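Quick notes on the structure that follows.
FYI, it's all coordinate maths here, none of it is from the lab. It should be emphasised that the depicted structure is a prediction, and the values quoted were computed from it without experimental measurement. Virtual Cβ from ideal backbone geometry, glycine too; neighbours counted across all protein chains shown.
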Amino acid sequence: MLAPGKKPFDRLDLQSTAQLPNGDKDHSISAVQEEHHGKLAQRQPAQIHYFTHHSTKYYWDDETQVFETYKYESNWKKKKKQRSVLNPFYIFQLFSVILWSAEDYYYYATAIVFMSVISIATSLYTIKKQYVMLHDMVAAHSVVRVSVCKGNTDIAEAMSTELVPGDVIIIPANGMIMPCDAALIHGTCIVNESMLTGESVPVTKTSLPSSGEDAAESYNMEEHKRHTLFCGTHIIQTRFYTGELVKAVVVRTGFSTEKGQLVRSILYPKPTDFKLYRDAYLFLLCLVGVAGIGFIYTIILSVMNQVPAKTIIIESLDIITITVPPALPAAMTAGIVYAQRRLKRVGIFCISPQRINMCGQLNLVCFDKTGTLTEDGLDLWGIQRAEDGSFSPPESEAAKESRVDSAFVAGMATCHSLTKIEGELSGDPLDLKMFSATGWPFEIGIVRQFPFSSVLQRMSVVVRRLGEKHMNAYLKGAPEIVASLCKQHTVPQSFTETLETYTRQGFRVIALAHRQLESKLSWHKVQSLSRDLIETNMEFLGLIIMQNKIKQETAGVLRELRQANIRTLMVTGDNMLTAISVARDCGMVRAHERVIIADAVPPKDFQSASITWHYTENPAQTTKDNQSVEINLEEGVSDKRQTLQEQSYHFAMSGKAFAVITDHFPHLIQKLVLRATVFARMAPDQKTQLVEILQSIDYTVGMCGDGANDCGALKRAHSGISLSELEASVASPFTSSTSNISCVPNLIREGRAALITSFCVFKFMALYSIIQYLSVTLLYSILSNLGDFQFLFIDIAIILIIAFTMSLNPAWKELVSRRPPSSLISGPLLCSVLTQILTCLFFQVLAFLLVRQQRWYEIWTPQSDACNASSSGLSHSQNVTSTHDHKNIKNYENTTLFYISSFQYLAVAIVFSKGKPFRQPSYKNWPFMLSCIGLYTFLLLIMLHPVPAIDRFLEIVCVPHDWRVTLVVIVIVNAAVSFMLEEANERWGSSFLSWLFCRRNKPPRVRYLNVALELQDDSDWPPGPSTVTYATDPQSHISATL
């Protein structure tokens, strides 16, 4: 092949249209080389040959005559690092530090630089740690050595990264972690697919059919799942016959595999937006606007007073750094860091601290079932045998001596898919429980096995006990199916009533049946018999009653969440009936509430897609139990809760139905998810899709799971909580060391506390900026300013100490039904901030004007003596020894505003530091209380009893004692007014604003409440029992009674 150039990125003049020898499509890059001076602008476009394999580009090098890789850093990692370092706050902090350095204000600049460096380093460390964990998880499963068949007999060793579709690999007898998706062509495999399904039940994979009609069909991964080995799943054991190797054909590799798509969803999730952070930037833009006014005001005032140009530039820019607080990111982060520490103490670990605030807004939580709500697997509750056409009383033990040799116990001991791996039984936990309960002492051989089929809802075996000439067939499966295959006189008349009694109590019921085969049947004849011939004319043996135990904490936690107006859903890979049963047992679906199963089928032949609505209970029995469900109409609709009269029903649907409804009934999906509680047989990508649909109607969604199949949903949800420290913990922002859902209310409580803390700190920092802005603006009017050490005292001794200690309030001990606000740009919050700003402005202007009206007031000079007679000597000597103040810092206005503003910072900090119902009261936050008391004491001391050394350090001038007392009165009145206005805003602010802006009767802003209001007026919803909805007109549905 002719190469276009010596090096892949040499300046090229030639064009080539060569084709790669392997037949793959050859990518070409038109590399027009342009320089700033236009020297090469006229050159012909040149082409570089390359191909991409496993996300790595290989470029042709003419010198070495080989394809070489081009090294580059992952865009994902690079962008995340850039986003962390180039945060607008950090850029602004750099600007502030440069400006302060020009003013010789090194102390505070050093503090800001120190905090910023720690914050950036922590962010980069977290991103790097997540990247390494994810890389290790993928590499551990995907990079292995495999045996590849070359021709009929040759076998070569290769790395799994070199596999391509079409390669034939050998599955070792002791199993392996699959590095790709492959179709099994020889042998049988026992596979643990919990990585994808979340169900830790080993399944048997058989080879693709080699004869008959099935063999003529084209391979389809969906239709041939039973013959496909998926990437990331664990091959526990292989079985092969007549010495043949177990072989599989590679069908997909890399990100194209099932696991690859899961990893892709973790690497590149859709961005999760949170209103708080969006509003924070809008609020800061408002502060920038205020700063702009001050900027223009300062320039005009300085020009009018003929101030030097350098001073004008520095002071006008300085007003911007005053208005937009550079310490805001550190102060906001403090509350999250404290919450993260408290979570760690209760066993919840966090790799994405910003998500803690999102937990405070959760109003819906999705739960996986197995291992999350329930214990893993089922326990045997008891058996109920059938004899002579009637049921015997239920028995708790099957292994009694009188029954050990019975057909019932033999059926339990043989009708299973268990296998021995390294001396231990392995297989379906249900089968394990059944087998261990029999205490089977006899040897029996399984002649033929018909594996469990979800379509047929049964499995069967043909067995022969040692020493017997005839064979026996045993059948196990869904009670209704098993009963239909039995002789009618062997099925008890009370079969339906007994079965319904158990299922209503949440038990999983399995039926057993038996048939003695003809003695003339040989082993070879049994192998050729069809399943239908064996599974007929059976004798009904009885029922096996299994119990899926709910974890002890589950019901209490779900009750607590329901009382807090947090909706709960179950999203599981298990079957529908078990999921509904568990939902009833744990309280997600209460006893009087109906469950409506939406059973959807895709279009087939000439029939359109349809949904059949199955009611699990008779509606007539539950109509009287209908109750009013309170839905909190939030987001400023009304401060009072309005109740929507809704019927007590829940929808349930399977993964297949969910796929059909999203594709063919998009107009119904929002209505369904509003009242759907149980989602069964959900694939991993469907769980993620469900989370996205819930988010699209404005739910703030949490997800709690324990398996790798939950990874996508854990990552996509606003808050994902993993109960496992394996794969799921890599994708999940939160990982709990306790394997039950008690961590969920703990996380929500801490999230609410952290969210309220963020609001408190943000409001405090905004008020701090505005208070200082007001002081500086007033002083600029007399060509004065605050002194450097006054700034330093305010910024470090007051602001940083208060901002970091006011975040220490722990979470309130209970989850209340009210949620904290989610937006900074909301009426009550803006009203709170504006009233405090006006209060501070009023008292600063009042003090500024009053001091100028005092009879002792004059333009301050080093010789000024405004103190009373008793202290005039001290003041005079102090003033005489002072040097001339070029910056005009020392004056009566400066001293007055310094005192007033210092007390204002403390007053708004106490006013904004909220306690109940989301945080513990502030008086329990002893660092904050000690800080406030200490600062109040210090300020009162230096104001009422001046200390010369402190006055010189802070550049405070001496004022008469009467004026000091007046300032104390102003400070007390200011604090009282601030407290009363905040209290009034807390109690009546929302109602007043709703009345003022006529918002009482306006529709809610969140979409799920709008959908709920629409359904309230829809008399045809929910559809009636046994009706069918067809996918015809998107705006309506056609129902027909079956």
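Observations on the model:
- Between Lys129 and Val965, the FRET efficiency from the beta-carbon distance, with R0 = 45 Å, is close to 0.20.
- Multiplying the residue separation of Leu282 and Ile300 by 0.36 nm and subtracting their alpha-carbon distance yields 3.7 nm.
- Stretching the chain fully between Ser218 and Ala156 yields a gain of 19.5 nm (0.36 nm per residue, less the alpha carbon separation).
- Net charge of neighbours whose Cβ lies under 15 Å from the Cβ of Pro927, counting Lys and Arg as +1 and Asp and Glu as -1: +4
- Peptides ranked, highest mean first, by Cβ atoms within 10 Å: ranges 301-307, 897-903: 897-903, 301-307
- Charge dipole of the stretch 278-402 about the Cα centre (unit charges at C-beta), most positive-ward option of Thr370, Met358, Gly289: Gly289
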